[in-house]
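Q: Next up is a structure, given as structure tokens.
The values are calculated or read from the model by the stated rules, or taken from the named source; none is laboratory data. Since the model is a prediction, treat every value here as computed from it, not as a measurement. Neighbour counts run over all protein chains shown; Cβ positions are idealised from the backbone, glycine included. Just the protein is used for accessible areas: all its heavy atoms, side chains included, with ligands, DNA and RNA removed. Shrake-Rupley method; radii C 1.70, N 1.55, O 1.52, S 1.80 Å.
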Amino acid sequence: TRRPHSGSRHESLFAFSNHHYYDNRIATFPSPEAESTRMGVRLHLVPSGLYDRSRTRTNPKEAEALVDEAVRRLWDPFEAERSIGIVTFNRAQRNLIEDLLEQKRREHPEIEPHFAESAPEPVFVKSLDCVQGDERDVVLFSVGYGPDESGRISMNFGPLNREGGERWLNAAISRARPQLVGYASQ
């Protein structure tokens, strides 16, 4: 079976599509574990992150953790060579992350070149339903949804629950070339 187009450079980034869309008919080779910290899929659990379902539909602690990591990567000379894309499950979380990034850009103008349209691959922030087409070296993915103030987790995951939502998730995951880092609350 011919492998469909994918910019993913780590087997774990393609595994989701291979399993759900190609019935594991695509032959992939395991990626080297020596680079596992800079490649593949990782999950970053945010302690005490709360989803404000009734009012803002955001998870501020998760957004702050993701933005802090994005800024850390943009400051680090080794990491800054890799392009960054940020994907969220909903538009409210995207807007919050954009606002937090805007604040960090004002506080740290040295990261501004990474956002310029003239950059080879400027940092982007997109919601799940708008992420088609843009690949980046690293995708930081904010789930946003999680426990609310009462500890309850709703089974409504925005665009993912709609018809075709699984294709949007697949598109978001496959935007990452060597690495995807998911952010979720515990």
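Q: Kindly establish whether L180 is in a helix (DSSP H, G or I) and either of a type in the set (F, W, Y) or surrounded by 13 or more Cβ atoms within 10 Å (Cβ to Cβ) (or both).
A: no
Q: If you scan the range 134-159, which residues turn out to be of a type in the set (A, V, I, L, M) and touching a helix residue (DSSP H, G or I) at 6+ places or on another chain (Cβ under 6 Å)?
A: Once the filter is applied, which keeps residues that are of a type in the set (A, V, I, L, M) and touching a helix residue (DSSP H, G or I) at 6+ places or on another chain (Cβ under 6 Å), the range 134-159 yields only L140.
Q: Show the residue pairs that are 6+ apart or on different chains and have beta-carbon atoms under 8 Å apart, the first residue being within the range 70-83 and among the aromatic types (F, W, Y), the second being open to solvent by 100 Å² or more (accessible area, probe 1.4 Å).
A: W75/E110
Q: Taking the condition of being open to solvent by 30 Å² or more (accessible area, probe 1.4 Å) and either basic (K, R) or part of a helix (DSSP H, G or I) (or both), how many residues in the range 128-168 meet it?
A: Of the residues in the range 128-168, 9 are open to solvent by 30 Å² or more (accessible area, probe 1.4 Å) and either basic (K, R) or part of a helix (DSSP H, G or I) (or both).
Q: Next up: Among the candidates L96, L100, L66, which residue alone is under 15 Å from V181 (Cα atoms) and among the aliphatic types (A, V, I, L, M)?
A: Of L96, L100, L66, the one residue that is under 15 Å from V181 (Cα atoms) and among the aliphatic types (A, V, I, L, M) is L66.
Q: Follow-up question, since we're still on this one. Could you count how many residues in the range 68-110 are surrounded by fewer than 13 Cβ atoms within 10 Å (Cβ to Cβ) and assigned to a loop (DSSP other than H, G, I, E, B)?
A: Residues flagged as surrounded by fewer than 13 Cβ atoms within 10 Å (Cβ to Cβ) and assigned to a loop (DSSP other than H, G, I, E, B) within the range 68-110 amount to 4.
Q: Is there any pair linking a residue in the range 136-151 that is of a type in the set (K, R) to one that is part of a loop (DSSP other than H, G, I, E, B) and crowded, with 23+ Cβ neighbours inside 10 Å, with Cβ under 7 Å and at least six apart or on different chains, and which?
A: Listed pairs, sorted by first residue: R136/R175.
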